[in-house]
Amino acid sequence: MDLRQKSQKRTYEAHPEGVKVTIKTIHADGKTTSVEHPLNYDGKEHPVTGSTQTDSIALEKIDEYTSEAILKHAGKVIGTNRRSISKDRQTMTITYEGTDQRGAVKNTAVYDKQ
């Protein structure tokens with residue numbers, strides 16, 4: 001699968017155990033994925049479903065606007081990301097550093113609240 005993205009929609013919704021994140025992506029090659037995971041800031045690993053690259057995530061809150069996540073696949077850390085929300089809560093910036101089948105990856109994605 002071509003990992004470049006054409007578009008992505010992130011939905012955060014209340015869930016009995018906290019917040020659930022659903023990430024729907026349309027890739028450059030036209031294929032789609034839908035990934036889900038809980039948004040718990042307890043530092044513990046939680047399952048990620050729908051992803052071929054990540055099977056668990058551990059989140060920690062840095063401050064009111066910032067969190068960090070450790071992403072794993074088959075028990076091995078494959079990357080970390082930092083999510084920052086603007087003070088007006090209209091923009092989210094995610095920076096990622098890790099590896100994939102092509103090697104080292106560093107990227108930044110910016111999302112506007114809809």
**Message:** Given the criteria of a type in the set (Gly, Ala, Ser) and within 11 Å of the chain's Cα centre (by Cα), does Gly50 qualify?
**Reply:** no
**Request:** Report yes if some residue within segment 58-65 is closer than 19 Å to Gly79 by Cα and of a type in the set (Ser, Thr, Tyr); otherwise report no.
**Result:** no
**Request:** Could you please find all residues in segment 75-105 being loosely packed, with under 10 Cβ neighbours inside 10 Å, at pLDDT 95 or above and either hydrophobic (A, V, I, L, M, F, W, C) or touching a Phe, Trp or Tyr at 6+ places or on another chain (Cβ under 9 Å) (or both)?
**Result:** Lys87
**Request:** Determine which member of the set Asn81, Asn107 is farther than 20 Å from Lys20 by Cα and assigned to a strand (DSSP E or B).
**Result:** Asn107
**Asked** Do we find a residue being in a strand (DSSP E or B), under 21 Å from Gly18 (Cα atoms), out of contact with any Cys (no Cβ under 7 Å at 6 or more places or on another chain) and of a type outside the set (A, V, I, L, M) anywhere in segment 85-102?
**Response** no
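The values are calculated or read from the model by the stated rules, or taken from the named source; none is laboratory data. Here the structure is a predicted model, which is why all the values come from computation and not from measurement. Here Cβ is always computed from backbone atoms with ideal geometry, including for glycine, and neighbour counts include all displayed protein chains.
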